[in-house]
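The values are calculated or read from the model by the stated rules, or taken from the named source; none is laboratory data. Keep in mind the model is a prediction, meaning the values are calculated, not measured. Don't worry about glycine lacking a Cβ; one is built from the backbone with ideal geometry, like all the others, and counts go over all protein chains shown.
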Amino acid sequence: MGTVEPQIATDVQTQHTDGFQLVIDALKLNGLDTIYALPGIPITDLTRRAQAEGLRVLSFRHEQNAGYAASIAGFLTQKPGICLTVSAPGFLNGLNALAHATTNCFPMILISGSSEREIVDLQQGDYEELDQLAIAKPLAKAAYRVLHAEDIGVGVARAIRAAVSGRPGGVYLDLPAKLFAQSIDASIGKNSLIKVVDPAPKQIPAPESVKRALDLLRSARKPLIILGKGAAYAQADSDIRSLVEKTGIPYLPMSMAKGLLPDTHEQCASAARSFALPGADVVMLIGARLNWLLSHGKGKTWGGKGHKDWGGQKFIQLDISPQEADSNVRIDAPLVGDIGSCVSALLSAIGSGWAKPPADWLNAIQEKKTANVAKMSETLAKNPSPMNFHSALNVVRDIVKANPDAILVNEGANALDFTRSIVDMYKPRKRIDVGTWGIMGIGMGYCVAAAVVTRQQVIAIEGDSAFGFSGMEVETLCRYNLPVCVVVLNNNGVYRGTDVNPAGGPDAAPTVFVKGARYDKLIEAFGGVGAHATTPAELRKAMEEALRSRKPTLINAVIDETAGTESGRITSLNPSAKKK
Ligand code: ADP
Ligand code: TPW
């Protein structure tokens, strides 16, 4: 007996911790305070305990939407957005968003519970068996698995560094079910955690590359700056604005870079895009890739003779990825570093005596702009019945102008293209949309994250098809009582609602939905505000009320079903259009 007593005393004195706790502690230690999740085996208790420990755990109706929320939280905050899912199907549902984050250069960590390694590897048919790590790898910037509780600190630290350093991206962290219940000595656990120091170190560009870039820019007769979402992500807003203004160079914002400088800025060349791109002789890309969204830097858009011919431009490219240069056309002056450091290096080298671009170039752009703006104003002033994209978006344009801090979420085809060109943005990182893939389904996930991380009003402009991909999350908007106003531009289908079944049978055409659907009723089922608008006046009233009340609101805005074009502005990418 005498020998047993001290043994019991030691056990009582030893404090233990477990895998659940260490994951929570590791996230908290690194300032990651919000989890976008969908509970189930083996992570239900992780969501409960995280909430009990003061983390914000936002629960979704489908993992894809939780994942999109995490990805855009990463873009808006420069901290990896955390998405938490169950194994196999939950993981796969979240994977789309992980790939999206990687493609768009958004920092995100997908944490999925997984089944027993021994059974998965022998393919013995475990509950939700899937080799998740292997599947995630090609779609993620990095992928890790933690098998021992004392390695959780390292696993989370590596995931954070991989997500935010260099070119940001999606990281997968595989946490097998057994890990969560592992118990270890609390002090060993505590000491195993890592608070990541300087997770996204500055990358200073080489002085010779700064000089090369400025020499080229100085030689330009028709210079142009293109701002991409990498520039928006970098949060170097005032330096970027100084660079644009000090050089006097006209600039084009890519979709999510709108508002980095106000779209109403005199140097903004958006309204003269199709003149500026082929006309420019030197183009400085700041956090924008020459991918399909910029016609790969060549072809007719850039003044090339054929669709693959170079237009003669010289390019300067500011990017954190040294591999990005020359991906599509020759980059004459790559400037590798983080945007903040690159822009500040350019600013110091420029000083105050930079000569503005030749007046004939600036005047020519201004002339095109004035003509196009006048044409657009005429179209916007019309009030057709039924309402069309322009008359509806004219209302949105006014509302955003009056509420420049609101975040605008946008997806659809025509709903996307028209909103992008009609609705001016006034502040950085206020427009978030379908991104590099032109993906449908980001809508409600983006709304949740934008409202939660910025605490600002959110306005979502959604095509009726686009909305359907995440529509069930209106319950999530209501559950968390988020200040989100969703406007569904309802034209009865994908692109428009007028297609007919070519075989004449009873099935609707593939692009057509239930006519006259009342999406507003959907949100009412969960206690939100629904509104039905058939005129710009009704739409204006409903939007104003939504912004005044800050209640979750869904406005079904009825649009002329003949109004859209196939695929919006990218009709030419349809194979049959190519054939013609
Ligand atoms: P857009 O679609 O707006 O044209 P892209 O997503 O194509 O923008 O390009 C963004 C680019 O910005 C990527 O090449 C990425 O490497 C780069 N990038 C992202 N963050 C930073 C940063 N902090 N500093 C420098 N470059 C960055
Ligand atoms: C994940 C293909 C591109 S745009 C679109 C689809 C289905 C919907 C267009 O209709 P909507 O907008 O939203 O009603 P509007 O204004 O033109 O009427 N699946 C995914 N992503 C994409 N891009 C598609 C399908 C697509």
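Results for (1) buried (at least 24 other Cβ atoms within 10 Å of the Cβ); (2) within 15 Å of ligand 1 (Cβ to nearest atom); (3) touching a residue at least 60 places away in the same chain (Cβ under 8 Å), shown as yes or no for each residue.
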position	(1), (2), (3)
N403	no, no, yes
G412	yes, no, yes
M425	yes, yes, yes
V448	yes, no, yes
Q456	no, no, no
I461	yes, no, yes
S465	no, no, no
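Of all residue pairs spaced 6 or more apart or on separate chains, those with beta-carbon atoms under 6 Å, a first member in the range 194-210 that is in a helix (DSSP H, G or I) and a second member that is more than 14 Å from ligand 1 (Cβ to nearest atom) are V210/A349. Considering the range 472-495, the residues that are within 15 Å of ligand 2 (Cβ to nearest atom) and surrounded by fewer than 24 Cβ atoms within 10 Å (Cβ to Cβ) include one that is nearest to S567 (Cα to Cα), namely Y495. Per the conditions (1) away from ligand 2 (no atom under 14 Å from the Cβ); (2) at pLDDT 95 or above; (3) over 19 Å from H390 (Cβ atoms), the sole criterion not satisfied by A517 is (1).
Of all residues in the range 228-261, those satisfying the criterion of being crowded, with 18+ Cβ neighbours inside 10 Å, in contact (Cβ under 8 Å) with a residue 24 or more places away in the chain and more than 15 Å from ligand 1 (Cβ to nearest atom) are T247, I249, P250.
For D126, the criteria (1) modelled with pLDDT of 95 or more; (2) in contact with a helix residue (DSSP H, G or I) (Cβ under 6 Å, 6 or more places away or on another chain) hold in every case but one, which is (1). A search for C-beta distances below 7 Å between a residue of the range 355-382 that is closer than 16 Å to P278 by Cα and any residue that is exposed (fewer than 15 other Cβ atoms within 10 Å of the Cβ) and of a type outside the set (S, T, N, Q), counting only pairs 6+ apart in sequence or on different chains, returns W361/R221.
Criterion applied to P536, P552 was being crowded, with 19+ Cβ neighbours inside 10 Å, within 21 Å of K382 (Cβ to Cβ) and in contact (Cβ under 8 Å) with a residue 40 or more places away in the chain, and the one residue passing it is P536. Filtered by the rule that a residue be in contact (Cβ under 8 Å) with a residue 12 or more places away in the chain, more than 29 Å from the chain's Cα centre (by Cα) and not in a loop (DSSP other than H, G, I, E, B), the range 340-354 gives A349, I350.
Among the residues that make up the range 414-424, is at least one of them of a type in the set (S, T, Y) and more than 16 Å from ligand 2 (Cβ to nearest atom)? Break it down stepwise before answering.
Step one: list which residues in the range 414-424 are of a type in the set (S, T, Y), which gives 419, 421.
From what's left, more than 16 Å from ligand 2 (Cβ to nearest atom): none.
The answer is no, given that none of the residues of the range 414-424 is of a type in the set (S, T, Y) and more than 16 Å from ligand 2 (Cβ to nearest atom).
Could you tell me which residue of the range 150-188 is surrounded by the fewest Cβ atoms within 10 Å (Cβ to Cβ), considering only residues that are in a helix (DSSP H, G or I) and among the β-branched types (V, I, T)? Checking each candidate, the answer is I188.
Tell me, which residue of the range 305-339 that is assigned to a strand (DSSP E or B) and more than 9 Å from ligand 1 (Cβ to nearest atom) is farthest from D281 (Cα to Cα)? Before you say what the answer is, go through the steps one by one.
First pass over the range 305-339, keeping only residues assigned to a strand (DSSP E or B): 314-319, 333-336.
Okay, now just the ones that are also more than 9 Å from ligand 1 (Cβ to nearest atom), so 314-316, 333-335.
On the way: K314: 6, F315: 9, I316: 11, A333: 14, P334: 16, L335: 18 Å.
By that ranking, first place goes to L335.
Kindly indicate the residue of the range 522-574 that is within 16 Å of ligand 2 (Cβ to nearest atom) and part of a strand (DSSP E or B) and also nearest to T498 (Cα to Cα) among those meeting that condition. Across the range 522-574, the extreme among qualifying residues is V558.
Is there a residue in the range 89-110 that is over 18 Å from T436 (Cα atoms) and in a loop (DSSP other than H, G, I, E, B)? No, that holds for no residue.
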